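First comes the structure, then the notes that go with it.
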Amino acid sequence: MTNKIKAFFVLAMFLMTVCLAPFQTAAQANDTYAIRNARIVTVTGATIEKGTVVIQNGKIAAVGAGVAVPSGAKVIDGTGLSVYPGMIDSGTTMGLEEIGSVAGGQDTSEISDNNANVHVNVSIHAESSHIPVARVNGITTTLSAPQGGTIAGQSALINLDGWTWKELTLKTPVAMHINWPGAGGGRGGGFGGFGGGQRSITELRRQQDRQIEGLKKTLLDAKAYGDAKDARAKDASLPKLDVDLKKDALIPVVRGQIPVVVNANSARDIKRAVEFAKELGLKLIISGGVEANQVAELLKANNVPVIVGPILRFPSNEDDGYDAPFTNPGLLVKAGVKIAFQTADSAYVRNLPYHAGMAAAFGLSKEDALKAVTINAAEIWGVADKIGSIETGKIANLIVTDGDPLEILTQIKYLFINGKQVPLTSKHTELNDKYKARP
């Protein structure tokens with residue numbers, strides 16, 4: 001065989017592989033599976049001690065103790081195993097950040113203070129090495145959110161399997177994200193975000209007040225812009241408005257059509273954020289919420305959920321108890337506040353179960369901890385009709401485990417996203433296999 005013919009066959013094989021790959025994925029997604037004899041933790045209903053889950057066309061086709069296995073289904077023996085909904089991380093930079101210490105590996109922040117028109121879904125890197133690492137620990141869905149500026153931009157909810165950002169995207173936009181002025185981006189608490197050096201608390205608070213007034217003016221301007229657009233649509237004789245993409249993006253926010261996630265940690269900042277949202281008619285979600293339990297009654301009264309975390313960290317203040325980060329979720333739930341968990345990371349999304357597990361060891365019930373990484377998150381982000389529990393008709397995002405998924409020793413045996421069985425391999429497992437075989 002000549003070199004030219006060899007080259008032709010190599011090229012043909014390459015093109016066939018590339019062209020057929022999407023169809024191979026579709027075929028796998030359309031496979032029918034039956035997980036039999038497993039303990040099924042539905043989350044929203046009673047746990048089925050020995051039942052069957054049928055997956056068909058990417059959805060949960062049936063679930064129960066007496067469910068028949070369809071002809072031709074791929075059967076998984078779940079004896080000794082448990083089936084749970086896939087876990088949801090409610091605050092990450094998944095797909096936007098690969099190597100935190102390398103500027104070229106980050107796409108989380110824009111330089112403007114108002115980035116309302118930024119929507120992160122188009123920036124999601126579907127080949128991020130963090131995605132398979134997170135899957136191995138049972139995370140099937142993440143909220144990927146922007147971080148920079150006061151108005152950071154719009155987040156997207158993504159399933160952790162797909163060839164492109166379009167295939168990953170479950171919902172977008174999900175929410176508008178705001179870093180509360182003076183709150184240090186929602187991670188430091190207090191007034192660390194000012195970087196004020198030797199300035200007095202009084203000066204810092206005045207600056208914060210000015211920034212909050214500036215934020216309020218931005219939102220009111222967007223509301224007026226939206227009203228003017230509506231008026232122009234009804235009456236063509238009115239002056240035509242110049243297109244303003246930032247104000248356009250804020251219209252559904254000021255009309256309460258999409259939630260606004262405010263990163264705030266101190267009790268004072270959270271209280272002010274709640275008052276701010278009430279005044280402007282915003283649909284508020286608090287993110288971070290280090291001292292949220294101190295204003296739990298206010299949050300409960302105003303039906304404001306809290307995305308808590310990261311939990312595995314040191315206390316924020318010198319006088320805080322060592323366990324302050326761990327007890328906060330349980331105190332919030334005890335007060336009637338709905339919570340979900342976040343890792344606020346990309347590389348460490350895999351640790352989501354342990355954030356919830358630690359909270360469960362410090363006052364939060366195991367049932368509520370599991371809800372916070374499944375159905376609560378789905379409800380907060382408006383996708384509870386699609387994911388978050390094991391119910392007929394929902395997307396088959398499922399994990400099959402040999403124990404409680406919030407326990408560190410538990411292994412994920414099988415994982416499904418959109419009804420497709422996804423291999424539980426990552427760069428970590430590959431390195432483990434490589435060095436286990438080292439002579």
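The values are calculated or read from the model by the stated rules, or taken from the named source; none is laboratory data. What you are looking at is a predicted structure, and each value in this text was computed from that prediction instead of being measured. For neighbour counting, all protein chains shown are included, and Cβ atoms are generated from backbone atoms with ideal geometry for every residue, glycine included. Calculation scope for accessible area: heavy atoms of the full protein, side chains included, ligands and nucleic acids excluded. Shrake-Rupley method; radii C 1.70, N 1.55, O 1.52, S 1.80 Å.
Here are a few things to note about the model shown:
- Test: Asp248 is of a type in the set (Asp, Glu) and free of Cβ contacts under 8 Å to residues at least 12 places away in the same chain: no
- Checked against (1) under 17 Å from Val422 (Cα atoms); (2) modelled with pLDDT under 95; (3) crowded, with 24+ Cβ neighbours inside 10 Å, Glu127 passes all but condition (3).
- Annotation note: of Ile111, Ile178, the sole residue that is closer than 30 Å to Leu220 by Cα and open to solvent by 40 Å² or more (accessible area, probe 1.4 Å) is Ile111.
- The stretch 45-83 - residue that is assigned to a loop (DSSP other than H, G, I, E, B), among the polar types (S, T, N, Q) and within 27 Å of the chain's Cα centre (by Cα) and, of those, nearest to Asp404 (Cα to Cα): Thr47
- Picking from residues in the stretch 162-188 that are hydrophobic (A, V, I, L, M, F, W, C) and under 16 Å from Val290 (Cα atoms), the one that is modelled with the highest pLDDT is Trp180.
- As for the stretch 165-174, it holds at least one residue that is open to solvent by 10 Å² or more (accessible area, probe 1.4 Å), more than 16 Å from Ala347 (Cα to Cα), touching a residue at least 40 places away in the same chain (Cβ under 8 Å) and assigned to a loop (DSSP other than H, G, I, E, B).
- Condition met for Gly382 (touching a Ser or Thr at 6+ places or on another chain (Cβ under 9 Å), open to solvent by 20 Å² or more (accessible area, probe 1.4 Å) and on the phi > 0 side of the Ramachandran plot): no
- Selected residue (only one of Lys413, Lys427 is more than 16 Å from Ser90 (Cβ to Cβ), in contact (Cβ under 8 Å) with a residue 24 or more places away in the chain, basic (Lys, Arg) and in contact with a strand residue (DSSP E or B) (Cβ under 6 Å, 6 or more places away or on another chain)): Lys413
- On the stretch given as the stretch 375-410, residues that are part of a loop (DSSP other than H, G, I, E, B), touching a Leu at 6+ places or on another chain (Cβ under 9 Å) and farther than 26 Å from Val261 by Cβ total 4.
- Residue in the stretch 94-108 that is open to solvent by 40 Å² or more (accessible area, probe 1.4 Å), assigned to a helix (DSSP H, G or I) and farther than 18 Å from Thr374 by Cβ present: yes
- Complete set of residues in the stretch 222-255 that are open to solvent by less than 90 Å² (accessible area, probe 1.4 Å), aliphatic (A, V, I, L, M) and not in a helix (DSSP H, G or I): Ala236, Leu238, Leu241
- Gly393 being in contact (Cβ under 8 Å) with a residue 12 or more places away in the chain, open to solvent by 30 Å² or more (accessible area, probe 1.4 Å), within 30 Å of Lys300 (Cα to Cα) and in contact with a Lys or Arg (Cβ under 7 Å, 6 or more places away or on another chain): no
- One residue stands out among those in the stretch 41-62 that are small (Gly, Ala, Ser) and in contact (Cβ under 8 Å) with a residue 40 or more places away in the chain: the one that is nearest to Lys366 (Cα to Cα), which is Gly45.
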